[in-house]
1. Any residue in segment 216-227 that is within 17 Å of Ala92 (Cα to Cα), among the charged types (D, E, K, R), touching a strand residue (DSSP E or B) at 6+ places or on another chain (Cβ under 9 Å) and in contact (Cβ under 8 Å) with a residue 40 or more places away in the chain?
2. Just to be sure before I move on: is Arg168 surrounded by 14 or more Cβ atoms within 10 Å (Cβ to Cβ), in contact with a strand residue (DSSP E or B) (Cβ under 8 Å, 6 or more places away or on another chain) and over 26 Å from His260 (Cα atoms) in the structure I sent?
3. Suppose the filter is modelled with pLDDT of 95 or more, within 28 Å of Glu77 (Cβ to Cβ) and under 14 Å from the mean Cα position of the chain (by Cα); does Met174 pass it?
4. If I ask for residues that are in a helix (DSSP H, G or I) and surrounded by fewer than 24 Cβ atoms within 10 Å (Cβ to Cβ), which ones from segment 68-96 would you list?
5. Given (1) at pLDDT 95 or above; (2) more than 16 Å from Leu33 (Cα to Cα); (3) under 15 Å from the mean Cα position of the chain (by Cα), identify the lone condition not met by Glu258.
6. Scan Ser158, Ser145, Ser178 and give me the residue that is surrounded by 13 or more Cβ atoms within 10 Å (Cβ to Cβ) and in contact with an Asp or Glu (Cβ under 6 Å, 6 or more places away or on another chain).
7. For segment 105-116, how many residues are in a loop (DSSP other than H, G, I, E, B) and surrounded by 15 or more Cβ atoms within 10 Å (Cβ to Cβ)?
Amino acid sequence: MRGRDMAAKALDDMLFAPVQRLAGRLDSGLLLLCDHAANHLPPAYGTLGLTQADLASHIAYDIGAAEITRRLAARLEAPALLTCFSRLLIDANRGADDPTLVMRLSDGRIIPGNAHIDRGEIDARRRLYWQPYRDAIGEMIAAMSAHGPLPAVISIHSFTPQWRGALRPWQVGMLWDSDPRLAQPLLAALTAQGLVVGDNEPYDGALQGDTLHDQVTRRGLAGVLIETRQDLVDSVEKAEAWADRLADVLDPILACPELHRIENLASRADRQK
């Protein structure tokens with residue numbers, strides 16, 4: 001890359017903010033995260049060789065997740081942190097050394113801008129985008145913990161209605177590691193509403209180095225990752241209605257004192273290393 005091109009790329013990197021911060025009450029007892037909130041790419045990366053249709057699809061971000069997060073934050077007066085970059089640039093929910101941190105292939109689609117990526121470029125993306133998001137989480141947890149009460153942490157995601165030809169029956173899933181304090185009451189409350197709720201479905205919540213493992217489980221805080229099926233939240237109106245449903249369920253759950261204390265439970269993700 002020529003010197004002028006490198007300088008332009010460096011300027012793009014500085015102007016592209018990796019994290020959106022939504023203000024909320026430090027004493028709300030809840031921090032909201034959205035690891036795959038956006039499908040944006042810094043200008044220097046163009047479209048990574050993809051079409052606009054690709055970037056509007058689930059391979060680039062979690063459809064509906066940002067809208068759910070913003071509505072929940074407003075309803076519950078909670079701080080929220082959302083990524084401003086596509087998961088195809090770098091996946092904010094993967095561990096620093098995860099081989100899928102930068103995806104070369106996603107749902108059968110080759111990502112041209114990542115296909116021949118080297119270690120230096122991965123490290124640069126991690127420094128410029130991944131690390132500031134993780135740092136922002138740690139800083140917000142510290143600020144909320146100092147103010148009190150200790151925050152519970154909820155990460156908002158969404159999943160495709162089918163995967164590799166198989167339909168996914170769950171409308172929503174609760175992903176958790178070894179601490180059931182938040183996942184179990186949510187499972188019970190949403191199941192009581194007649195919803196099909198996955199318990200560590202469609203994915204397992206014990207993922208080494210993921211956001212909750214790294215920032216929440218290791219601190220002994222209560223946390224859960226909520227996965228909503230994308231056909232239920234694929235418009236602003238549907239996503240906000242879903243967030244209202246979650247807010248109504250969460251409000252009494254978050255009042256429980258046991259969610260706001262340290263529980264040092266052995267992580268399944270650590271045991272699976």
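The values are calculated or read from the model by the stated rules, or taken from the named source; none is laboratory data. The model shown is predicted, which means the values in this text are computed figures rather than measured ones. Cβ atoms come from the backbone with ideal geometry, glycine included; neighbour counts cover every protein chain shown.
1. Yes; the residues of segment 216-227 include at least one that is within 17 Å of Ala92 (Cα to Cα), among the charged types (D, E, K, R), touching a strand residue (DSSP E or B) at 6+ places or on another chain (Cβ under 9 Å) and in contact (Cβ under 8 Å) with a residue 40 or more places away in the chain.
2. Values: surrounded by 14 or more Cβ atoms within 10 Å (Cβ to Cβ): yes; in contact with a strand residue (DSSP E or B) (Cβ under 8 Å, 6 or more places away or on another chain): yes; over 26 Å from His260 (Cα atoms): yes.
Against the criterion (surrounded by 14 or more Cβ atoms within 10 Å (Cβ to Cβ), in contact with a strand residue (DSSP E or B) (Cβ under 8 Å, 6 or more places away or on another chain) and over 26 Å from His260 (Cα atoms)), Arg168 qualifies.
3. On the way: modelled with pLDDT of 95 or more: yes; within 28 Å of Glu77 (Cβ to Cβ): yes; under 14 Å from the mean Cα position of the chain (by Cα): yes.
In short, yes.
4. Within segment 68-96, Arg70, Arg71, Ala74, Arg75, Leu76 meet the criteria.
5. Condition (3) is where Glu258 drops out.
6. On inspection, the qualifying residue turns out to be Ser158.
7. 3
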